[in-house]
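Let me begin by presenting the structure, written as structure tokens, before commenting on it.
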Amino acid sequence: MVYGYLDGGADEERALRRSVTAYNDIELRHAVLHGIGHDDMDLRTKILGVETELPFFVTSCAGQRMFHADGEVATARAAKKHGCFMALSQLTTSTFEDVRAAHPDGAKALQLYVWRDRVLLKEVLDRAKEVGFTSLALTADFSWVGNRERETKTGFTVPPSYSMRQCIDAVKAPAWSFDFMSRVPYGYKAVPDADFPAESLVDFIAAQMKPEFDWKDAEWLISEWGDTGPVALKGVASGADAVRAVETGFKAVWVSNHGGRQLEDSVATIDVLPEVRRMVGPDVEVILDGGVRRGIDVVKGLALGADAVAVGRAYLYGLAAGGYEGVDKALTLLSRDVYLAMGLLGCRTVAELKAKAPELVLVNPHNALAGRQLKLLRDVEL
Ligand code: FNR
């Protein structure tokens with residue numbers, strides 16, 4: 001049941017599947033006799049103003065104590081070990097303080113949703129500044145909440161409702177059930193003094209989501225954050241919105257479809273990335289997420305125009321399987337893959353990969369990026 005929440009997407013999960021498989025249609029030309037050794041590699045990257053060791057990072061995912069009792073703190077500890085940047089969800093089940101303490105130099109971005117109550121939102125912003133977050137990501141693709149059919153089918157609730165279905169699921173997952181039963185119940189921790197149970201906060205959040213939030217509200221948010229650091233717009237799926245984001249004052253554009261959890265058949269993010277890069281130009285920070293399951297996907301994202309790539313489920317699977325050790329393992333595998341691919345491609349750095357990308361990347365003609373399938377209706381002659 002909890003696994004379905006982690007793994008699932010919207011409706012029939014076509015957007016989710018396509019976001020994952022779109023990477024398969026991008027081929028790469030390896031280099032030979034390039035003379036680059038292991039010690040020559042340098043994958044350091046600046047993400048939302050912070051220097052990190054890796055060009056990918058663990059991104060904002062809600063309610064991580066649902067997956068493992070150590071939740072966001074386990075994720076932060078593993079990210080610290082790998083010198084990996086971290087964005088924390090506003091729907092965190094660990095406190096801001098605990099997460100920042102676990103990874104003081106890298107858990108620097110806070111993701112926000114578009115809440116109705118500006119006073120409350122401002123309180124969250126003030127707390128975030130106090131605790132030491134230096135950047136924000138405004139998630140803009142969630143103000144209408146997607147239809148998660150898998151959650152309906154599995155009877156997922158927050159917190160558990162102890163229905164017959166849930167009890168059977170719990171018996172089938174004894175390690176998770178033991179972990180769940182033997183630790184402090186989780187609650188959402190971003191709202192000041194929010195020591196109320198998750199269930200009532202979920203209702204509260206549903207009531208707080210503001211579907212009519214618009215560019216003016218976004219301007220307000222940016223001005224409230226002031227010169228604390230960059231604000232990214234997360235959930236962009238078109239070049240036009242990316243340009244508008246930059247004009248509005250966002251310092252980074254985050255291409256995302258919320259992991260295929262919102263609009264069914266939303267475009268695969270890797271397919272829309274080149275359009276976004278082309279339209280904002282080379283100097284705006286562009287972040288990509290969606291469907292990244294292996295390090296090679298990270299490399300493809302960088303080659304196609306991202307400055308950094310965010311991963312969600314790829315580390316959450318590790319968290320659910322083994323807490324800190326699981327996230328550590330996931331990050332080990334991802335970074336090993338990234339180093340290997342970069343070595344085989346003959347690229348020492350992300351900048352070198354970007355410069356060589358036009359010669360390295362081949363796009364299967366059936367892939368949307370090749371332009372055969374991805375045409376706006378207005379451009380199709382009927
Ligand atoms: C998410 N995502 C998400 N995004 C966000 O801005 N705030 C949030 O609280 C959450 N919560 C969340 C929970 C879970 C279980 C998942 C899987 C995802 C979306 C997330 O930040 C990111 O955009 C996607 O996860 C990227 O896709 P992949 O890497 O999971 O395929």
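The values are calculated or read from the model by the stated rules, or taken from the named source; none is laboratory data. Predicted model, so just to flag it, every value in this text is computed and none were measured. Here the Cβ positions follow ideal geometry from the backbone for every residue, glycine too, while neighbour counts run over all protein chains shown.
Hey, could you check the stretch 363-382 for residues that are of a type in the set (A, V, I, L, M) and within 20 Å of Ser19 (Cβ to Cβ) and say which is modelled with the highest pLDDT?
It comes out as Val363.
Can you name the number of the only condition in (1) away from the ligand (no atom under 16 Å from the Cβ); (2) closer than 29 Å to Ala232 by Cα; (3) part of a loop (DSSP other than H, G, I, E, B) that Tyr162 fails?
With (1) away from the ligand (no atom under 16 Å from the Cβ); (2) closer than 29 Å to Ala232 by Cα; (3) part of a loop (DSSP other than H, G, I, E, B) applied to Tyr162, the lone miss is (2).
So which helices (runs of 4 or more DSSP H) stay within the stretch 238-322 end to end and still have 2 or more residues that are over 21 Å from Val338 (Cα atoms), within 13 Å of the ligand (Cβ to nearest atom) and touching a Gly at 6+ places or on another chain (Cβ under 7 Å)?
Ranges flagged: none.
I'd like the residue in the stretch 90-144 that is in contact with an Asp or Glu (Cβ under 7 Å, 6 or more places away or on another chain) and either more than 16 Å from Ile205 (Cα to Cα) or away from the ligand (no atom under 16 Å from the Cβ) (or both) and, out of all such residues, is modelled with the lowest pLDDT.
Lys122
Give the residues of the stretch 9-35 that are touching a Gly at 6+ places or on another chain (Cβ under 9 Å) and surrounded by 17 or more Cβ atoms within 10 Å (Cβ to Cβ), sorted by residue number.
Gly9, Ala10, Asp11, Glu13, Ala15, Leu16, Arg18, Ser19, Val20, Ala22, Tyr23
Looking for something surrounded by 20 or more Cβ atoms within 10 Å (Cβ to Cβ), touching a strand residue (DSSP E or B) at 6+ places or on another chain (Cβ under 7 Å) and within 24 Å of Ser238 (Cβ to Cβ) - is there at least one such residue anywhere in the stretch 313-330?
no
What strands (runs of 3 or more DSSP E), lying completely within the stretch 5-83, carry at least 1 residues that are within 11 Å of the ligand (Cβ to nearest atom) and touching a residue at least 40 places away in the same chain (Cβ under 8 Å)?
Because the criterion is at least 1 residues that are within 11 Å of the ligand (Cβ to nearest atom) and touching a residue at least 40 places away in the same chain (Cβ under 8 Å), the strands (runs of 3 or more DSSP E) in the stretch 5-83 that meet it are 56-58.
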